[in-house]
1. Once both labels are modelled 7 Å past Cα along the beta-carbon direction, what's the residue 79-residue 391 spacing in nm?
2. Can you tell me what share of the DSSP beta bridges in the chain is antiparallel? A percent to the nearest 5 is fine.
3. Under a point spin-label approximation (7 Å from Cα along Cα-to-Cβ), what is the residue 69-residue 180 distance to one decimal in nm?
4. Rank by packing, highest mean first: peptides 206-214, 336-344, with packing defined as the count of other Cβ atoms within 10 Å averaged across residues.
5. Can you tell me the alpha carbon radius of gyration of region 267-413 divided by the globular rule-of-thumb value 2.2 N^0.38 Å?
6. What do you get for Rg/Rh over the chain if you use C-alpha atoms and the Kirkwood form of Rh?
7. If R0 is 35 Å, what FRET efficiency do you get for residue 349 and residue 57 from their C-beta distance, rounded to 0.05?
8. What's the angle, to the nearest 10 degrees (0 to 90), between helix 353-364's Cα axis and the longest principal axis of the chain?
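Every number here is computed from the coordinates shown, using simple stated rules; none is lab data. Only a predicted model underlies this, so the values are computations on that prediction, with no experimental measurement involved. Here Cβ is always computed from backbone atoms with ideal geometry, including for glycine, and neighbour counts include all displayed protein chains.
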Ligand code: GAL
């Protein structure tokens with residue numbers, strides 16, 4: 001009788017373990033659905049599957065670059081108390097929305113036990129962006145570079161052009177390209193974060209990184225000759241984009257380079273992943289360099305993942321964070337994605353020449369974070385800012401003074417000391 005009871009108990013335990021492993025899921029949200037980025041996330045999910053074959057992976061990709069659609073879905077789930085195990089979030093202000101409401105779990109112990117707190121592993125600025133009030137909350141899987149210009153080499157060769165080193169040189173090239181029958185700058189701003197990326201790079205080129213940081217932290221307002229100059233350049237650039245820009249996504253804009261219709265686009269280095277996935281070879285079919293005038297500055301875009309409070313099967317989330325923070329996962333992911341590891345302790349061997357150059361640059365450049373990709377400014381400001389730039393875009397006759405007034409009203413409303421405190 002006794003042995004029967006023991007057998008029954010063992011049976012129940014094994015049964016329960018079976019149920020546990022069947023029920024163990026890893027649910028992840030991301031917005032990587034375009035060429036390059038989709039394959040990149042698939043590669044790391046595959047690594048995860050190899051390491052944890054019993055865990056059911058539920059990937060929830062929500063299309064829309066910069067998370068324009070996914071972020072709304074996530075906010076609803078989190079505020080409804082039904083978070084996934086993890087989700088893609090830009091480190092910095094986009095993440096602070098959740099940490100300031102105590103909706104993410106601190107993972108400082110993980111950072112320490114994995115040795116990630118060393119600045120020879122992750123640069124200090126990246127560590128800060130993944131932290132809030134002295135605790136770490138997310139793990140970066142990559143570093144994107146926002147201030148990149150991509151160009152079709154065949155068009156450049158045909159027109160005898162080389163990428164200039166100054167921003168004025170870049171602007172001077174636009175009418176030349178247009179006269180030859182090509183779209184000078186491909187733009188796909190069905191999501192208006194890409195318009196903001198154009199302004200980010202323009203302001204960086206004109207004002208430099210210190211000015212950029214001061215402007216976006218409300219220390220300098222738009223009634224400044226540097227901002228006025230950047231607005232002027234921005235308006236000029238917009239005269240040289242494809243007329244169907246509002247109906248295209250960022251990757252469709254990249255497609256205009258591949259099809260030979262457009263000569264250039266200003267886009268983060270996820271474009272590099274797109275071009276490679278489209279069958280182009282870096283430095284053969286296309287080039288990618290820092291936007292002229294921004295050499296020596298790295299405009300950071302940091303995709304990271306975290307563990308929400310109440311995450312189902314949290315150990316699966318911890319295992320994911322451990323994996324994406326590892327050198328091997330960062331290498332695998334970024335070689336496909338076109339971005340680079342957030343870790344600076346990995347070799348650039350095996351990376352394409354554009355990514356390899358960025359890996360060198362990350363170690364020595366001045367680092368600033370991206371407005372259009374959730375890191376540099378409070379999200380309320382980012383939204384109003386992107387809408388303001390869209391208003392300027394659609395009203396080409398707006399005077400510089402009117403643009404300045406519009407920007408100042410947003411700065412005054414959204415970049416208040418209370419909003420900037422975190
Ligand atoms: C950015 C993101 C990149 C890339 C891009 C387009 O916001 O940080 O990793 O995915 O959107 O989807």
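1. 2.4
2. On the way: 19 of 35 bridges.
Here the antiparallel bridges make up roughly 55 percent for the chain.
3. 3.6
4. On the way: 206-214: 18.1, 336-344: 26.0.
Highest-to-lowest ranking by the protection proxy: 336-344, 206-214.
5. Details: Rg = 19.0 Å, N = 147, 2.2 N^0.38 = 14.7 Å.
Here the answer is 1.30, to two decimals.
6. On the way: Rg = 22.9 Å, Rh = 22.4 Å.
We get a ratio of 1.02 for the chain.
7. On the way: r = 30 Å, r/R0 = 0.85.
After rounding, the FRET efficiency stands at 0.70.
8. Once rounded, one gets 90 degrees.
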